[in-house]
1. With a point put 7 Å past each Cα toward its Cβ, work out how far I188 is from S45 in nm, to one decimal.
2. Any of K29/K115; K153/K186; K23/K51; K21/K115 with alpha carbons more than 19 Å apart? Name them for me.
3. Relative to the longest principal axis of the C-alpha atoms of the chain, give the angle of the C-alpha long axis of helix 107-116, reported between 0 and 90° and rounded to the nearest 10°.
4. Would you kindly state how much longer the chain becomes between K130 and N156 on full extension, computed as 0.36 nm times their sequence separation minus their alpha carbon distance, in nm to one decimal?
5. Quick one: length gained pulling N163 to E62 fully straight, 0.36 nm per residue minus the C-alpha distance?
6. Normalised by the number of residues in the chain, what is the relative contact order in percent for Cα pairs under 8 Å and 6+ residues apart?
7. Tally Lys and Arg at +1 and Asp and Glu at -1 over the other residues with C-beta under 11 Å from the C-beta of L37: what net charge comes out?
8. So, in nm, how far is label T177 from label S143 when the simple model puts each one 7 Å beyond its Cα toward the Cβ?
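Quick note: the coordinates plus some simple rules give every number you see, no bench work behind them. No experiment lies behind these values; they were computed from the predicted model shown. Methodologically, a virtual Cβ is constructed for each residue, glycine included, from the backbone with ideal geometry; neighbour enumeration extends over all protein chains shown.
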Amino acid sequence: MDFIKNFTDLFCPLSLDSLTKFKELMNLKKLQKGVILCDLNEVPSNFFILKSGIVRAFIIDEKGKERTRTLFTPISTTGSLRALILNEPSTSTYECLTDCEIYEGNFSHFIALTKTNHEFSQFYNKILEKIFIVVEKRITELSTLDATERYLKLKNDVPNIDNLIQQYHIASYLNITPVQLSRIRKEIYSK
């Protein structure tokens, strides 16, 4: 099974020549739980495609508390896109919550390909569209779903999530406290 081809096909099938160039850009890495892909205030140079594992993006609020903004699961891109595009320090930290297999690619090399190859330009456009849709969906869910509904949605999206990452990370992602998550889980599993 060709993971990179399957990934590109999700967005925009590439010709053999373009697929080969994209593969040459990517390097597979096996990372342990706790590895930081991009740290707060770091100016990143690489983007990542998550093959296996879970990565989170988190911020630290004014009280010093970590707030999980995003959970990345396979097959998705991860990394500080805003910081990459603007060539500025990241406002979030990207951390492996589990052991992960990721493909790492240099963003500026990828962008150079988009400027000389129409297929890459389309591919990049499709990735940006997908990221926009995912972010908009997340904002809508936070605005319209209650905590129990958000938890059930996460469980539907990542069925084994409770066994993969710490409960406080799940609670933070859901924008609730660990105590609230415990109550929700108790109520759901008592039914």
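1. 4.2 nm
2. K29/K115
3. For helix 107-116, the angle is close to 50 degrees.
4. 7.4 nm
5. 33.3 nm
6. Here the relative contact order equals 24 percent.
7. In short, -2.
8. Between T177 and S143, the label points sit 2.8 nm apart.
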